[in-house]
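**Q** My structure is below; once you've seen it, I'll send some questions.
The values are calculated or read from the model by the stated rules, or taken from the named source; none is laboratory data. The model shown is predicted, which means the values in this text are computed figures rather than measured ones. FYI the Cβ positions are ideal-geometry reconstructions off the backbone, even for glycines, and counts take in every protein chain you see.
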Amino acid sequence: MTTLFLMVGLPGAGKTTRARQLAGEHGALRLSPDDWLLPLFGEVVPDGKRDVIEGRMLWLALEALKLGTNVVVDYGCWSQDERTAIRWLVETEGASFRMEYLPVDAETQRARIAHRWAAAAQETFPMTEADILHGQTHFEVPQPAELSGHPADGPPAGWMSWREWAADRWPSFG
């Protein structure tokens with residue numbers, strides 16, 4: 001059975017390092033918007049294009065699973081709805097879903113972000129204190145039920161299915 005590994009955490013948590021390890025260990029395709037946004041657009045958040053890139057990557061991830069290839073998705077996935085939608089889509093395809101949550105304390109996060117910028121500025125993007133605080137405020141920490149594989153049952157109110165929700169969240173997915 002193929003597996004999709006979903007990296008979850010804030011910037012500086014070690015997601016990309018762990019994603020690279022998992023890709024090597026499991027012969028997996030690693031998909032990260034950061035690897036595409038900087039080369040294509042010269043910035044990480046170019047006028048909403050991140051959602052478009054993530055949507056196409058999610059579509060590609062599901063296609064790869066169908067072909068028998070393991071996938072590592074390195075988005076961060078700050079919301080439980082995003083994580084639940086991806087889990088539902090993966091499991092609907094008959095693949096296995098594994099969440100890799102990497103918590104990070106604020107001091108370590110800031111040190112890693114500063115180090116990454118100093119060591120590999122061409123592969124990353126600058127983050128202000130406001131950016132860091134925004135992430136810390138908006139990130140929904142996975143709760144025990146979600147981590148144990150029991151996410152929310154149905155899509156949020158107003159949505160008929162998780163597929164419909166995902167197509168709205170990531171416009172290029174559907």
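**Q** From the list PRO126, PRO151, exactly one residue is farther than 30 Å from THR3 by Cα, modelled with pLDDT under 90 and in contact with a helix residue (DSSP H, G or I) (Cβ under 9 Å, 6 or more places away or on another chain). Which is it? Full working, then the answer.
**A** Working: PRO151 fails: farther than 30 Å from THR3 by Cα.
Exactly one of PRO126, PRO151 is farther than 30 Å from THR3 by Cα, modelled with pLDDT under 90 and in contact with a helix residue (DSSP H, G or I) (Cβ under 9 Å, 6 or more places away or on another chain), namely PRO126.
**Q** In region 41-88, what residues are among the acidic types (Asp, Glu) and out of contact with any strand residue (DSSP E or B) (no Cβ under 9 Å at 6 or more places or on another chain)?
**A** As a first pass, look at region 41-88 and keep what is among the acidic types (Asp, Glu): 43, 47, 51, 54, 63, 74, 81-82.
Residues satisfying the conditions are GLU43, ASP47, ASP51, GLU63, ASP81.
**Q** Report the residue count in region 94-129 for those that are polar (S, T, N, Q) and in contact with a Phe, Trp or Tyr (Cβ under 9 Å, 6 or more places away or on another chain). Please lay out each step first, then the result.
**A** Step one: of region 94-129, the residues polar (S, T, N, Q) are 96, 108-109, 122, 124, 128.
With in contact with a Phe, Trp or Tyr (Cβ under 9 Å, 6 or more places away or on another chain) added as a condition, the list becomes 124.
The total comes to 1.
**Q** Kindly provide the set of residues from region 36-88 that are touching an Asp or Glu at 6+ places or on another chain (Cβ under 8 Å) and hydroxyl-bearing (Ser, Thr, Tyr), ordered by number.
**A** Matches in region 36-88: TYR75, SER79, THR84.
**Q** Could you list, in sequence order, the residues of region 92-117 that are among the hydrophobic types (A, V, I, L, M, F, W, C) and either crowded, with 16+ Cβ neighbours inside 10 Å or within 14 Å of the chain's Cα centre (by Cα) (or both)?
**A** Let us first name the residues in region 92-117 that are among the hydrophobic types (A, V, I, L, M, F, W, C), namely 95, 97, 99, 102, 104, 106, 111, 113-114, 117.
ALA95, PHE97, MET99, LEU102, VAL104, ILE113, listed by residue number.
**Q** State which residue pairs qualify: first residue more than 17 Å from GLU107 (Cβ to Cβ) and in contact (Cβ under 8 Å) with a residue 24 or more places away in the chain and inside region 126-152, second residue surrounded by fewer than 16 Cβ atoms within 10 Å (Cβ to Cβ) and hydroxyl-bearing (Ser, Thr, Tyr) in any location, beta carbons under 9 Å apart, and separation of 6 or more residues or different chains.
**A** Every condition considered, the pairs that remain are HIS138/SER79; GLU140/SER79.
**Q** Now for a separate question. For region 97-138, give me each residue that is under 20 Å from THR17 (Cα atoms) and either assigned to a loop (DSSP other than H, G, I, E, B) or among the hydroxyl-bearing types (Ser, Thr, Tyr) (or both).
**A** TYR101, LEU102, PRO103, VAL104, ASP105, THR108, ALA120, THR124, PHE125, PRO126, MET127
**Q** Since GLN80 meets every condition but one in (1) in contact with a Ser or Thr (Cβ under 6 Å, 6 or more places away or on another chain); (2) under 21 Å from SER161 (Cβ atoms), which condition does it not meet?
**A** Unmet condition: (1).
**Q** I need a count of the residues in region 67-113 that are charged (D, E, K, R) and under 24 Å from GLU129 (Cα atoms).
**A** Qualifying residue count, region 67-113: 5.
**Q** Could you please tell me which pairs satisfy a Cβ distance under 8 Å, a separation of 6+ or placement on different chains, a first residue in region 82-99 that is at positive phi, and a second residue that is among the small types (Gly, Ala, Ser) and buried (at least 19 other Cβ atoms within 10 Å of the Cβ)?
**A** none
**Q** Which residues, counting only those in region 85-117, are of a type in the set (Gly, Ala, Ser), under 18 Å from PHE139 (Cα atoms) and out of contact with any helix residue (DSSP H, G or I) (no Cβ under 6 Å at 6 or more places or on another chain)?
**A** Quick first cut of region 85-117, residues of a type in the set (Gly, Ala, Ser) only: 85, 94-96, 106, 111, 114.
Imposing the further condition that a residue be under 18 Å from PHE139 (Cα atoms) reduces the set to 85, 106.
The answer is ALA106, and nothing else.
**Q** Can you go through LEU62, LEU102, LEU58 and tell me which one is touching a Gly at 6+ places or on another chain (Cβ under 6 Å) and hydrophobic (A, V, I, L, M, F, W, C)? Don't jump to the end; show me each part of the working.
**A** Numbers: LEU62 fails: touching a Gly at 6+ places or on another chain (Cβ under 6 Å); LEU58 fails: touching a Gly at 6+ places or on another chain (Cβ under 6 Å).
The unique qualifying residue is LEU102.
**Q** Does TRP162 satisfy being buried (at least 17 other Cβ atoms within 10 Å of the Cβ) and either closer than 17 Å to LEU58 by Cα or at pLDDT below 95 (or both)?
**A** For TRP162, the condition - buried (at least 17 other Cβ atoms within 10 Å of the Cβ) and either closer than 17 Å to LEU58 by Cα or at pLDDT below 95 (or both) - is met.
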